[in-house]
Amino acid sequence: ADNTPGEMNREHLTGNTIIIKTPENEYLLLGHLKPGSIAIKQGQAVEPGQPLARVGNSGNSSEPHLHMQLMTHAVMQEATGIRIRFDRLNLNHESRVWNYAPIRTNVISYLPDDSIR
């Protein structure tokens with residue numbers, strides 16, 4: 001279940017989670033998802049821009065947010081983190097960037113194919 005804002009569930013670190021295996025045999029973890037909102041099934045292929053779930057406040061989370069982590073192994077405790085690079089995205093509500101690795105202070109959003117001109 002989602003936590004009451006300000007409270008955390010330390011027993012289930014990432015809460016409701018999706019892990020996607022990439023073609024490069026890396027694993028993308030999406031955590032703290034809203035209960036009952038996961039829209040894909042185990043083993044299903046996914047496409048860029050496809051809705052996967054809704055952001056929630058499950059697990060070791062004090063407020064709703066998305067935890068996104070690229071890693072070397074499907075089990076987070078056995079994995080090493082890998083820096084994420086995005087093919088294209090909107091950066092800080094102002095600019096379009098390509099092949100970019102965000103930093104902590106960035107605000108990013110998806111840039112669909114049809115918006116590139």
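Once C-alpha pairs closer than 8 Å and six or more residues apart are averaged by separation and normalised to the residue number of segment 1-89, the relative contact order reads 34 percent. For the chain, a crude dipole built from +1 on the beta carbon of Lys and Arg and -1 on the beta carbon of Asp and Glu, taken about the Cα centre, is about 140 debye to the nearest 20. Accessible surface computed residue by residue for the chain, with neighbouring protein chains in place and a 1.4 Å probe, gives 70 Å² per residue. Multiplying the residue separation of ILE20 and SER95 by 0.36 nm and removing their Cα-Cα distance gives an extension gain of 24.2 nm.
Between the entries (1) 127; (2) 84; (3) 95, the label attached to volume of the Cα convex hull per residue in Å³ calculated for this structure is (1). Rounded to the nearest 10 square angstrom, LYS21 shows an accessible area of 120 square angstrom against a 1.4 Å probe.
Among the protein heavy atoms of the chain, carbon and sulfur supply 51% of the accessible surface, probe 1.4 Å, non-protein parts ignored. Working out 0.36 nm times the residue gap between GLU11 and SER62, then minus their Cα-Cα distance, what length gain in nm do you get to one decimal? Working it through step by step, the gained length comes to 17.0 nm. At full extension, GLN44 and THR80 could sit 10.5 nm farther apart than now, given 0.36 nm per residue minus the alpha carbon distance. For SER109, neighbours were defined as the other residues whose beta-carbon sits under 12 Å from its Cβ, and their charges (Lys and Arg +1, Asp and Glu -1) total +1.
The values are calculated or read from the model by the stated rules, or taken from the named source; none is laboratory data. Everything quoted here is computed from the prediction, not taken from an experiment. Neighbour counts run over all protein chains shown; Cβ positions are idealised from the backbone, glycine included. SASA here: full protein model, heavy atoms, side chains in, ligands and nucleic acids out. Shrake-Rupley method; radii C 1.70, N 1.55, O 1.52, S 1.80 Å.
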